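The values are calculated or read from the model by the stated rules, or taken from the named source; none is laboratory data. Keep in mind that what you see is a predicted model, and the values were worked out from it rather than measured. No Cβ is skipped: glycine too gets one built from the backbone with ideal geometry, and neighbour counts run over all protein chains shown. To get the accessible areas, we keep the full protein, side chains included, count just its heavy atoms, and leave off ligands, DNA and RNA. Shrake-Rupley method; radii C 1.70, N 1.55, O 1.52, S 1.80 Å.
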Amino acid sequence: MSEAATGEWLLRCDGGARGNPGPGALGYVLVDPRGRRVDAQGEYLGQVTNNVAEYRALLAGLDAAARHGADPLVVCMDSELVVRQMTGEYRVKNAGLKPLHAAARAAVAKLPRVRFSAVPREDNEHADRLVNETLDKVLGSESPR
């Protein structure tokens, strides 16, 4: 399911690095139950892997959701790895991701009701655009995508 049901907040998160690792950024968009965008951000992360950028996007988005009292919350990401790790379907084997996963689990535990949904990249377009706009701004639009 890629969309929130009536009465749910929607958090779309994305992270990416140009090169892996390479210059990376995060993006998230928080939408209230009425469909209004209440928060959105892109942030440059420096040299990171794609998976680190995805987790950093999730953490930033969860922080925004907590600030806005988002309940219930549906987190939509196109990173199947992060979604499956957050739902417990996959174990976190990478030592570099373990602290980010633990921080994300702690952030989820502070919110009343959260569920995760893996979505196709095209359904995460706004968050992806924030990632690329941030990287273009920092690196210049000539940098390869």
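In segment 125-144, which residues are loosely packed, with under 12 Cβ neighbours inside 10 Å and in contact (Cβ under 8 Å) with a residue 60 or more places away in the chain? Quick ask: steps written out before the conclusion?
We begin by selecting, within segment 125-144, every residue loosely packed, with under 12 Cβ neighbours inside 10 Å; these are 140-142, 144.
Within segment 125-144, just 144 meets the criteria.
With the structure loaded, tell me whether residue 100 is assigned to a helix (DSSP H, G or I) and farther than 14 Å from residue 114 by Cα or whether it fails that test. Even if it seems obvious, please write down each step before you answer.
Values: assigned to a helix (DSSP H, G or I): yes; farther than 14 Å from residue 114 by Cα: yes.
In short, yes.
Name the residue that is farthest from the chain's Cα centre (by Cα), counting only residues in segment 43-64 that are buried (at least 24 other Cβ atoms within 10 Å of the Cβ) and among the small types (Gly, Ala, Ser).
53
So which residues in segment 65-93 are part of a loop (DSSP other than H, G, I, E, B), open to solvent by less than 60 Å² (accessible area, probe 1.4 Å) and of a type outside the set (Gly, Ala, Ser), if there are any at all?
Within segment 65-93, 71, 72, 78, 92 meet the criteria.
Give all pairs with beta carbons closer than 8 Å in which a residue from segment 68-87 that is of a type in the set (Gly, Ala, Ser) meets a residue that is at pLDDT below 95 and surrounded by fewer than 24 Cβ atoms within 10 Å (Cβ to Cβ); count only pairs at least 6 apart in sequence or on separate chains.
none
Yes/no per residue for (1) on the phi < 0 side of the Ramachandran plot; (2) part of a strand (DSSP E or B); (3) of a type outside the set (A, V, I, L, M, F, W, C):
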site: 11; (1), (2), (3): yes, yes, no
site: 14; (1), (2), (3): yes, yes, yes
site: 20; (1), (2), (3): yes, no, yes
site: 29; (1), (2), (3): yes, yes, no
site: 33; (1), (2), (3): yes, no, yes
site: 44; (1), (2), (3): yes, yes, yes
site: 47; (1), (2), (3): yes, yes, yes
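With the requirement that a residue be charged (D, E, K, R) and surrounded by 14 or more Cβ atoms within 10 Å (Cβ to Cβ), what does segment 106-124 give you? Full working, then the answer.
Here is the first cut: in segment 106-124, the ones charged (D, E, K, R) are 110, 113, 115, 121-123.
Matches in segment 106-124: 115, 123.
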